[in-house]
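Structure record follows, encoded as structure tokens.
Just so it is clear, none of the values below were taken in a lab; they were calculated from the coordinates. This structure is a prediction, so every number in the text was calculated from the model and none was measured. Note: ideal-geometry Cβ built from the backbone for every residue, glycine included; neighbour counts use all protein chains shown.
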Amino acid sequence: MLWKKKETISLDIRKAYPSDARGIINCMQSVMDEKIYLVSEYYLLTERGEQERLKNPDELTLVCNDNELIVGVLTLQRGMYKKNRHVANLGIAIRRNYRHMNVGTRMIGNALEWAKDNGIKKINLEVFSTNVNAIKTYRKLGFEYEGMRKNQFFINGQYVDDVLMTYML
Ligand SMILES: CC(C)(COP(=O)(O)OP(=O)(O)OC[C@H]1O[C@@H](n2cnc3c(N)ncnc32)[C@H](O)[C@@H]1OP(=O)(O)O)[C@@H](O)C(=O)NCCC(=O)NCCS
């Protein structure tokens, strides 16, 4: 396939430690700088705030490392109320040079395992309708379309729909 830059590579994927805070912020900010994949353009937590977030047992944060560099971050945040603790929201961002190497597929696969082990029944995510690579990845992994918010975002001079996707465990 022409769009594959390299064969799949085996980089380490593991749960994040508080000491990963700076690397996570840098990775997230590099993807936010591209401006076309994520709603926020600035990572809002400080390093200290990120360290605190990483201690929350209701949130899973996975990182993918290439030696010292964090190249991928996945978060799974479960609902904090009795009524929505069975649901978690998924977010993922992989640095530009590390995409299309199976890292996203592996990270989401690990997150689905954690969700199953932690009694989560449903995983939600939102993705720009223009982000066809991400939608392909989610569809391949078994996520289904749940709905769409028309013209929810304005990106580079055009309105973009918000696609809601879900995975039932
Ligand atoms: C979306 C993202 C998480 C996918 O992770 P990835 O590691 O790049 O994807 P993978 O290599 O695991 O590929 C998964 C599938 O997506 C599809 N895909 C990936 N890249 C593609 C491309 N350039 N063109 C077409 N399809 C593509 C393929 O179906 C692929 O499956 P296959 O290799 O079995 O054919 C990653 O590209 C990313 O972080 N992008 C920028 C930030 C972002 O969009 N975050 C999500 C916001 S909702």
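Lys and Arg at +1, Asp and Glu at -1: add these up for the other residues within a Cβ distance under 14 Å of Met148 and post the number.
-3
Using per-residue counts of other Cβ atoms within 10 Å, averaged over each peptide, order 99-112, 129-142 from highest down.
Working: 99-112: 18.9, 129-142: 14.9.
Peptide ranking by packing, descending: 99-112, 129-142.
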I need two numbers for the chain: Rg to one decimal and Dmax as a whole number, Cα atoms only, in Å.
15.7, 47
Ignoring solvent entirely, what values of log10 I(q)/I(0) come out of the Debye formula for region 109-169 at 0.19, 0.21, 0.22, 0.29 Å⁻¹ when each Cα is a single scatterer?
-0.71, -0.81, -0.86, -1.18
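If you take every DSSP beta bridge whose two residues both sit in region 12-125, what share of them, in percent to the nearest 5, is antiparallel? Before the final figure, lay out each step's value.
Working: 19 of 22 bridges.
Given both bridge residues lie in region 12-125, the antiparallel proportion sits at roughly 85 percent.
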